[in-house]
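Enquirer: Below are the structure tokens for one structure; questions will follow.
Readers should treat all values here as calculations from the given coordinates under stated rules, not as data from a laboratory. This is a predicted model, so every value here is computed, not measured. Virtual Cβ from ideal backbone geometry, glycine too; neighbours counted across all protein chains shown.
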Amino acid sequence: MKWVVLVGSVRKASLNGALARALDALAPEGVSVEILPSVAQMPIYDGDIETAGFPGQVSSVGEQVKAADALVIVTAEYNYSIPGGLKNALDWLSRLKDRPLKGKPTLIMSASPSTMGGARAQYHLRQVLVAVDAHVMNVPEVMVAQAHAKVADGALADPATRDFVAGQLAAFHAFVRKVKAGEAAEG
């Protein structure tokens, strides 16, 4: 099974980048996790650009999402919401003709130096994902609070947090299998 990860933060020393990089090692056996290209590589959404033809970065990420069994979104929280780059990427992906986000089993997680761990961003992200018809797993949720104390040398180092994330990934694995089985039964 292959999952792809869209990271909402573009900073080199991003706490969410550290969380995203930990996922492949924490994923259940038989699952590979690949981080997608940075959301910073997509131009700001513009209908005129869309009319002229989708940028290659957008089409490429859309193809990778479509081909994957599931999508994981790891996001920072900016001003009580999701980062603009992540929203822009989702806007672009929602415009692709093959609708790569529609019905896609999707997992949300966040990390923040705050005590809320990015909870407000996750709630806004859920609203966006409803509009694109993604199939979002609701629980368990991962909101890594005070993440700056749980990341060392660019890696998620806190054992309890790693265990908690691994538990969410195991639950997501079961969720993805259930969604895929439902699709097969409908097909």
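Enquirer: Put +1 on the Cβ of each Lys and Arg and -1 on the Cβ of each Asp and Glu in the chain; which of Ala13, Gln146, Ala170 then has its Cα farthest toward the positive end of the dipole?
Expert: Among Ala13, Gln146, Ala170, the one farthest towards the positive end of the dipole of the chain is Gln146.
Enquirer: Something else about it: Please state the shape class of the stretch 1-90: rounded when a/c is under 1.5, otherwise prolate if a/b exceeds b/c and oblate if not, all from the C-alpha gyration tensor. All intermediate terms of the calculation are to be shown ahead of the outcome.
Expert: Numbers: a/c = 2.59, a/b = 1.33, b/c = 1.95.
Note, shape of the stretch 1-90 comes out oblate.
Enquirer: Which of the residue pairs Lys12/Lys104; Lys150/Lys180; Lys12/Lys150; Lys2/Lys180; Lys2/Lys178 have a Cα-Cα distance greater than 24 Å in the structure shown?
Expert: As for pairs spanning more than 24 Å Cα to Cα, those are Lys12/Lys104; Lys150/Lys180.
Enquirer: Same structure, new question: Per 0.36 nm of contour for each residue apart, how much would the distance between Met116 and Ile49 grow if the chain were fully extended, relative to their Cα-Cα spacing?
Expert: Extending this stretch completely gives an extra 20.4 nm.
Enquirer: Which of rounded, prolate, oblate describes the stretch 2-186, given a ≥ b ≥ c as roots of the alpha-carbon gyration tensor eigenvalues and a/c under 1.5 marking rounded, otherwise prolate only if a/b is larger than b/c?
Expert: On the way: a/c = 1.75, a/b = 1.22, b/c = 1.43.
Because a/c hits 1.5 or more and a/b fails to exceed b/c, the stretch 2-186 counts as oblate.
Enquirer: Need one number: nm distance between label points at Ala40 and Ala25, each 7 Å from Cα along Cα→Cβ, rounded to one decimal.
Expert: In this crude spin-label approximation the distance works out to 2.4 nm.
Enquirer: In debye, nearest 20, what is the charge dipole magnitude of the chain about its Cα centre with +1 on Lys and Arg Cβ and -1 on Asp and Glu Cβ, if you could check? All intermediate terms of the calculation are to be shown ahead of the outcome.
Expert: Details: 18 positive and 18 negative charges, 30 e Å.
I would put it at about 140 debye.
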